[in-house]
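Since the structure comes first, as structure tokens, the remarks are kept for the end.
Just so it is clear, none of the values below were taken in a lab; they were calculated from the coordinates. None of these values were measured; they are calculated from a predicted model. Quick reminder, even Gly has a Cβ in these numbers, built from the backbone with ideal geometry, and neighbours come from all protein chains shown.
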Amino acid sequence: MTTSEAIRHRRSVRTFDDNTLNAEILEQLLNFARAQTNPYDIPISWFLLDAAKHGLRSPVITGEHTYMTGKLKKVPHGEEAFGYSFEAVLLYAETLGLGSTWIAGTMNRGAFERAVSLQEGEAMPCVSPIGFPASKMSLRETLMRKGVRADSRMDFRALFFRDDWNTPLSEQEAGALRGPLEMVHLAPSAVNKQPWRVLVQGDKIVFFEKRSKGYVGADGWDLQKVDLGIALAHFDLAAREAGLMPSFTPAESRDLNEDGLVEIGTFVCINPDRQ
Ligand SMILES: Cc1cc2nc3c(=O)[nH]c(=O)nc-3n(C[C@H](O)[C@H](O)[C@H](O)COP(=O)(O)O)c2cc1C
């Protein structure tokens with residue numbers, strides 16, 4: 001399964017089959033995670049945790065025995081780095097047939113933070129259950145998906161633009177970037193808000209964050225930047241797979257610009273329209 005196939009196949013899984021995972025598959029996952037880098041070169045420590053041993057729970061998840069998470073220092077760009085790396089890991093899990101769900105809120109966070117010995121100055125932004133999906137979704141899962149309209153995404157032309165914000169870009173007009181941008185379109189985000197906006201300017205693909213209210217903590221830590229990290233991973237991995245040789249430069253400023261957006265960073269791809 002390619003990464004793009006894993007992205008198309010992925011959905012949040014909240015109902016698991018109640019089986020424990022064998023040591024071999026857990027080790028495979030942990031080794032993959034430990035080998036991950038991210039465009040910010042921010043180190044992340046990874047954990048696979050036994051739910052019963054640590055008393056880990058999420059009211060929206062059933063039939064799970066294992067959770068995965070990571071922790072990192074609260075440094076600038078930590079959110080994007082975590083989003084990028086954890087999504088790469090969860091997409092790898094998908095290729096192994098394992099289901100997952102990004103969880104930032106619906107969990108007994110204290111128990112998770114104790115399980116990873118979270119220290120002052122560190123963050124554990126999100127966790128995910130890991131296991132084989134049950135054959136049928138629980139009623140709660142079905143209702144949750146309806147609640148956030150999890151099966152739909154905003155119109156492509158409301159998210160992707162060419163040259164300026166007055167010129168929406170359609171899938172058909174995206175040329176060689178169509179595949180990687182479709183992968184961004186399919187990305188998961190907190191409450192399915194899809195806070196990414198992308199401007200294509202020649203061979204530059206510039207990512208922005210359109211903030212919703214209520215996601216930035218008192219310390220400035222911004223959950224929607226985790227969503228942006230996920231989108232960067234989807235673009236980067238799919239563009240690499242398509243031979244576009246993307247290279248990424250983070251934006252210098254983290255402030256809202258005159259359009260009310262935060263610039264996140266720019267990919268340059270090799271001759272995207274001449275491929
Ligand atoms: C950063 C982040 C945080 C999330 N937090 C939660 C959460 O606390 N509880 C939950 O049930 N789902 C959570 N989700 C899952 C989203 O609701 C889900 O990705 C979105 O509705 C799209 O559905 P899909 O993943 O099935 O495509 C989170 C997703 C992301 C990316």
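Since only Phe47, Thr66, Ala6 are under comparison, the one whose Cα sits farthest along the positive direction of the charge dipole of the range 3-140, derived from C-beta charges on Lys, Arg, Asp and Glu, is Thr66. Legend: calculated FRET efficiency, His9 to Thr167, from the Cβ-Cβ distance at R0 = 35 Å, rounded to 0.05, equals 0.65. With the cut-off at 1.5 for a/c, could you classify the chain from its C-alpha gyration tensor as rounded, prolate or oblate? Here the chain falls in the prolate category. Once label points are set 7 Å from the Cα along Cα→Cβ at both Ser152 and Leu30, what is their separation, rounded to one decimal in nm? It works out to 4.3 nm between the two label points. Neighbour counts of other Cβ atoms within 10 Å put Trp221, Trp165 in the fewest-to-most order Trp165, Trp221. In terms of its C-alpha gyration tensor, the range 3-140 has an oblate overall shape, because the principal axis ratio a/c (a ≥ b ≥ c, square roots of the eigenvalues) is not below 1.5 and a/b does not outweigh b/c.
Suppose every K and R has +1 on its Cβ and every D and E has -1 on its Cβ; what is the size of the dipole of the chain about the Cα centre, in Debye to the nearest 20? Please report the intermediate quantities before stating the final value.
Numbers: 31 positive and 36 negative charges, 168 e Å.
Dipole magnitude for the chain comes out near 800 debye.
Taking every DSSP beta bridge that has both residues in the chain, what percent is antiparallel when rounded to the nearest 5? Here the antiparallel bridges make up roughly 90 percent for the chain. By how many degrees, between 0 and 90 and to the nearest 10, does the Cα long axis of helix 23-34 differ from the longest principal axis of the chain? For 23-34 against the chain, the angle is about 40 degrees. With 32 Å as the limit, the listed pairs Lys73/Lys146; Lys73/Lys193; Lys74/Lys146; Lys53/Lys210 have Lys73/Lys146; Lys74/Lys146; Lys53/Lys210 beyond it between alpha carbons. Measuring between their Cα centroids, the range 51-128 and the range 219-275 lie 23 Å from each other. For the chain, averaging the sequence separation of C-alpha pairs within contact (under 8 Å, six or more residues apart) and dividing by the residue count gives a relative contact order of 20 percent.
Projecting the Cα positions of Asn22, Leu139, Ala35 onto the charge dipole of the range 3-140 (unit charges on Cβ atoms of Lys, Arg, Asp and Glu, taken about the Cα centre) puts Leu139 furthest along the positive direction.
Quick one: length gained pulling Lys213 to Ala104 fully straight, 0.36 nm per residue minus the C-alpha distance?
Difference between extended and current length: 37.6 nm.
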